[in-house]
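Q: Here it is, the structure, as structure tokens.
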Amino acid sequence: MTINEPTFGTTENAANVTRNFAPIGIMAMGMTVVIITGGIDLSVGSVMGLVAIVAGLLLTW
């Protein structure tokens, strides 16, 4: 299992997990505000996908 790995509990791994979670966490905070105010916006996931595709295309350009 993953927990049994010696490199799982390192600070480097915790920093890596935090870096990977940051964009999703930022989007979740924004969506929380929208949902609390009574609105609902389902386009956030679509915009994230579009941005990832455009960024990938720009990196190869």
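Q: Ranked highest first by the average count of other Cβ atoms within 10 Å around their residues, in what order do 43-53, 1-11 fall?
A: Ranked from most to least packed, the peptides come out as 43-53, 1-11.
Q: Give me the angle, in degrees from 0 to 90, between the Cα long axis of helix 44-60 and the longest principal axis of the Cα atoms of the chain, rounded to the nearest 10.
A: 70
Q: Same structure again: Checking a compactness column here: for the chain, what do you get for Rg(Cα) / (2.2 N^0.38 Å), N being the number of residues? List each step's numbers first, then the result.
A: Details: Rg = 16.5 Å, N = 61, 2.2 N^0.38 = 10.5 Å.
In units of the globular-protein estimate, the chain measures up at 1.57.
Q: Could I ask something else about it? Under a point spin-label approximation (7 Å from Cα along Cα-to-Cβ), what is the Thr32-Val17 distance to one decimal in nm?
A: About 1.9 nm, to one decimal.
Q: Helix 11-36 against the longest principal axis of the chain: what's the angle in degrees, Cα atoms only, rounded to the nearest 10?
A: Taking the Cα atoms of the chain, the angle to 11-36 is about 20 degrees.
Here, each number is a calculation from the coordinates, and none is a lab measurement. Please read all numbers here as calculations on a predicted model, not as lab measurements. Note that each Cβ is placed from the backbone with ideal geometry, even for glycine, and that neighbours are counted across all protein chains shown.
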